[in-house]
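To start, the structure under review is shown below, and the notes come after it.
Every read-out reported here was derived from the displayed coordinates using simple, explicitly stated rules and does not represent laboratory data. As the structure is a prediction and not an experimental result, all values here were calculated from the model. Every residue, glycine among them, receives a Cβ derived from its backbone with ideal geometry; neighbour counts consider all protein chains shown.
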Amino acid sequence: MGISIKNTGKAVPKLVVKNDDLNRFVETDNDWIVARTGITERRIATSESGLDLAVSAAKLALDGENYDDIGLVIVATVTPDKLVPSMGALVKRELGLANAVAFDISTACSGFIYGIWIAEALIKNGMVDKVNGVSTNTINKALIIGVERLSRIVDWTDRSTCILFGDGAGAALLENNPQEKGILSSFVKNYDDTTNSLTCGMEFSKTPFTDDSLDNPEKQSLSMHGSQVFKFAVNAIGEVMEKSLELAGLTADDIAYYVPHQANLRIILSAAKKFKQPIEKFQISLNETGNVSAASVPMALYDIIDTGKIKKGDKIMLMGFGGGLSAGAVIFEM
Ligand code: COA
């Protein structure tokens, strides 16, 4: 049985915010941002909801498909439009995916990798091709979406974080197809964030029953200890790359292209160096998108497929790392 990535999609908001535009809010400059991160611009949602972006990306991934064949929708996000209903439920309703089970997952920038890992397990166990518990042979596809409007949780007065993030969505359509090799390995891992290096609190209702200290204890915007997260990222990406190669019985040279999470060019360069791979094998989209958390990997996957350079049979590695702390990698054959 092969679980292939059949198609992808991507959607970005219209507004392009260049590094120099950020000078209006914080003391920074283009040269510093480019040198320390590789980012030159990002997209920020002004009129687009997360659902708009998710649905646009999903429609591209579903181009030419019978929507009734979709048995599963997983949306990875830390910035849903609302808590209830889930983004997955909203996408299912908006697209009319009658046979899909839909839900959200929250594993920050590794979200899309975790989504594939979950979908692979569910498809392999025959859980996706069912309507009301009864097996069908046609409902054999899963839609995995990463969508973020990080601009809503960024602290726009903090120059060490607000320069890094952007908004957007990416989607991938997985298909259970015995003719394809598809996913060769998937591996995820959690690491305890003992120093709270990457956090974002949220607002809760005050209740007449609880102690005040339980309410809103944390800053309700993104807070990051950059250098700690940087060190974690460099180690974690190496570990998940190594483990996914081992599980697939491959070496780094066997991988035609790498699609890493788009957080910082220096993190990607360190992975290329560690595995003695040319940087040309790594998709770099972050210069135009910044870090879009769970949407980064599927957006970058769309970008590399869009170049037309991937050939049938090429092996591709997707790598994610981020808040939680969390990390993971997936190797698949095109
Ligand atoms: N513009 C100009 N100067 C800035 C700046 C900005 N936007 N942000 C920080 N600086 C300054 C700092 O104030 C500091 O100045 P000081 O030495 O006078 O105190 C200096 O630049 C170095 O700051 P530092 O935080 O040590 O920089 P860095 O080299 O670690 O780069 C990050 C900062 C955030 C780019 C980097 O740590 C990083 O990418 N971390 C990982 C982030 C990540 O991947 N997060 C998501 C995980 S999914």
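Running a GNM on the chain with Cα contacts under 10 Å, which residue among Lys312, Lys18, Lys274 ends up with the highest mean-square fluctuation?
Result: Lys312 has the largest fluctuation of those listed.
Highest first, please rank the peptides 277-290, 51-64 by the mean number of other Cβ atoms sitting within 10 Å of their residues. All intermediate terms of the calculation are to be shown ahead of the outcome.
On the way: 277-290: 18.9, 51-64: 20.7.
So the peptides 277-290, 51-64, ranked by packing, come out 51-64, 277-290.
Measure off 7 Å from each Cα along the Cα-to-Cβ vector at Thr307 and Val131, then give the distance between these two points in nanometres to one decimal.
It is 4.2 nm.
Please report, in whole Å, how far the alpha carbons of region 97-177 spread along each principal axis, starting with the longest.
Projected onto its principal axes, the Cα set of region 97-177 covers 53, 21, 17 Å.
Anyone know which of Trp32, Trp156, Trp117 comes out most mobile in the 10 Å Cα GNM of the chain?
Trp32
Calculated FRET efficiency, Val26 and Leu269, Cβ-Cβ r, R0 30 Å, to nearest 0.05? Could you put the intermediate results ahead of the total?
Numbers: r = 26 Å, r/R0 = 0.85.
That gives a FRET efficiency of 0.70.
Which aspartates and glutamates have a Cα less than 20 Å from the Cα of Lys130, not counting those fewer than 8 places away in the same chain?
Glu65, Asp68, Asp69, Asp104, Glu120, Glu175
What whole-number distance in Å separates the alpha-carbon centres of region 6-20 and region 25-57?
Their Cα centres are 8 Å away from one another.
Dividing the alpha-carbon Rg of region 3-178 by 2.2 N^0.38 Å yields what?
Details: Rg = 18.0 Å, N = 176, 2.2 N^0.38 = 15.7 Å.
Working it through for region 3-178, the quotient is 1.14.
For a label point 7 angstrom out from the Cα of Leu15 toward its Cβ, which stretches of region 27-48 have the backbone nitrogen within less than 16 Å?
41-48
I want to verify a result. In a Gaussian network model of the chain, Cα cutoff 10 Å, which of these has the top mean-square fluctuation: Thr161, Thr194, Thr40?
Between Thr161, Thr194, Thr40, it is Thr194 that shows the largest mean-square fluctuation.
Run the reach check for Lys206 against lysines, Cα to Cα strictly under 22 Å, same-chain hits fewer than 8 apart removed. What comes back?
In chain and number order, the partners are Lys82, Lys219.
Calculate how large, on average over all directions, the projected area of the Cα convex hull of the chain is; give the answer in nm² to one decimal. Intermediate results must be reported in sequence, preceding the final value.
Working: hull surface 71.5 nm².
With every direction weighted equally, the projected area is 17.9 nm².
Once you have all Cα-Cα distances for region 183-274, histogram them in 10 Å bins from zero and send the whole-percent values.
13, 34, 25, 16, 10, 3, 0
Determine which aspartates and glutamates satisfy two conditions relative to Lys274: a Cα distance under 13 Å, and not lying fewer than 8 residues away in the same chain.
The qualifying aspartates and glutamates are Glu239, Glu242, Asp253.
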